[in-house]
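All remarks here apply to the structure that follows.
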Amino acid sequence: MWITLALVTIVGLAVGFLVLWRRWRWEQADWERARERWLATEQQLRAEIERDRAGLAAIFDRMIEGLLILGPDRRVQWANLPLQRLFQITSDVRGRTLMETLQRHELETLAERARQDGQAPGLELELPGQPSRFLQVNASIIGRPGEPNPGVILVFHEVTRLKELEATRREFVANVSHELRTPLSLIKGFVETLIDGARHDPEVSLRFLQTIEKHSNRLTFLIEDLLTISQLESGAVVLNCQSGELKPLVDKVLEDLSARAAAREIRLNNAIPQGLIAHADFDRLQQVFFNLVDNAIKYGRTGGQVILGGEPIPGKGGPGVALWVKDDGPGIPKESLDRIFERFYRVDAARSREQGGTGLGLSIVKHIVQAHGGEVRADSEVGAGAIFRVTLPAATVRGRNRGVDA
Ligand code: ADP
């Protein structure tokens, strides 16, 4: 009886143990499977985070603006490539403070303002080096306002070109005002003198009226040139290009200028070969020749000679043309050669004004030539005359004007 009981108990225990053991194995296998699943999910998540991070890094690095992210501990979490280039950073700056990274107190103050107010308005920063570069920096917090120790994002936007354009615009307005004021105040002065009594002397009044006419002509030329320049610079000029012979065009320009040349006893010589063809807007090209020959007469030698020449030149889209206008006047100083194409630049301002010059003629020439995809340059030695060379490619742009340098 006892033996049977013992056997039953043992068998019972064995069965129980077996059941428990199998259950434990099942659970262990379940556990193992769950662990594997969890590990796989974790790996997948890590890979996704890494991909997102790499994607974000690629986006940030491709931005034009510099970007710097400060964590809640006020240390750099991220600095994109453009920022590293702007500040010539070559090492890993993650974990450093803003001051250690960029060494600019103003930026510390800007980041602090952003932490307090949520965002800080643009700060202008000049980068050291030549030429100077300017940045506009904006800062804002990452997260909601009022959160303790928020992260801060600083965005650096380069505004050098904008500042240059702004300076050019200011300079242009100042130049135009100056150019307009001079003849206007002269006209006003002569009119006042006439009103005050000079009109009673016919000889004096004729002289004064002639001077008034001269200065009002100057104003007209200036306004015409300004309109042409602004049209050319706006890119709104439509070139009406066609192939045509150059020699007859130059003949026409020389005829228009013959009286001025005769007044200074200057011989005009059209040495452009017969049959030389250009593909261009001939009205615009006529203005190029007019301005160059007019200058050669104005600044050339009394009793001298102006020669116009040309030849075909090889080019990618077929032969282009090289054209030149040469005088035997006093020439242009070396240091002015590159500058004479700038608006209002004159070697001798008094002489230019005396000759009725606006200071815009060569700038117009440059714009027209560039709109055709060509180039213009001046060569000269003081005392040995000046030569202006224009090259025009065969395949010029039809339709809208190309972008040209200011
Ligand atoms: P401007 O109306 O004063 O003639 P331009 O733009 O046509 O203006 O020329 C700019 C300056 O370049 C002139 O003021 C003059 O000093 C110089 N220049 C142009 N052409 C000649 C030339 N053939 N010989 C000497 N100087 C020249």
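The values are calculated or read from the model by the stated rules, or taken from the named source; none is laboratory data. Note that this is a predicted model, so its numbers are computed, not measured. Cβ coordinates were reconstructed from backbone atoms using ideal geometry, including for glycine residues, and neighbour counts include every protein chain displayed. Quick note on the areas: whole protein, heavy atoms, side chains included, nothing else; ligands and nucleic acids left out. Shrake-Rupley method; radii C 1.70, N 1.55, O 1.52, S 1.80 Å.
Is it true that VAL237 is within 16 Å of the ligand (Cβ to nearest atom), within 20 Å of GLN370 (Cα to Cα) and open to solvent by less than 20 Å² (accessible area, probe 1.4 Å)?
No.
Look at GLY95 and say whether it is touching a residue at least 60 places away in the same chain (Cβ under 8 Å), farther than 29 Å from ALA167 by Cβ and open to solvent by less than 90 Å² (accessible area, probe 1.4 Å).
Taking the combined requirement at face value, the residue does not satisfy it.
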Hits in the range 345-366 (condition: more than 6 Å from the ligand (Cβ to nearest atom), assigned to a helix (DSSP H, G or I) and open to solvent by 10 Å² or more (accessible area, probe 1.4 Å)): ALA349, ALA350, ARG351, ARG353, GLU354, LYS366
Check on GLU27, under 30 Å from TRP78 (Cβ atoms) and either without any contact (Cβ under 8 Å) to a residue 12 or more places away in the chain or open to solvent by less than 100 Å² (accessible area, probe 1.4 Å) (or both): no
Sole residue being assigned by TED's automatic domain parsing to the domain that holds ALA384 and assigned to a strand (DSSP E or B), chosen from GLY309, GLY318: GLY309
Tabulated pairs, the range 352-379, first within 20 Å of VAL321 (Cβ to Cβ), second open to solvent by less than 10 Å² (accessible area, probe 1.4 Å) and assigned to a loop (DSSP other than H, G, I, E, B), C-beta under 6 angstrom, 6+ apart or interchain: none
All positions within the range 324-340 that are in a helix (DSSP H, G or I) and over 23 Å from GLN305 (Cα atoms): GLU335, ARG339
Residue tally, condition within 19 Å of SER363 (Cβ to Cβ) and either within 7 Å of the ligand (Cβ to nearest atom) or open to solvent by less than 20 Å² (accessible area, probe 1.4 Å) (or both), over the range 324-340: 4
Some residue of the range 247-262 being polar (S, T, N, Q), touching a residue at least 24 places away in the same chain (Cβ under 8 Å) and open to solvent by 20 Å² or more (accessible area, probe 1.4 Å): no
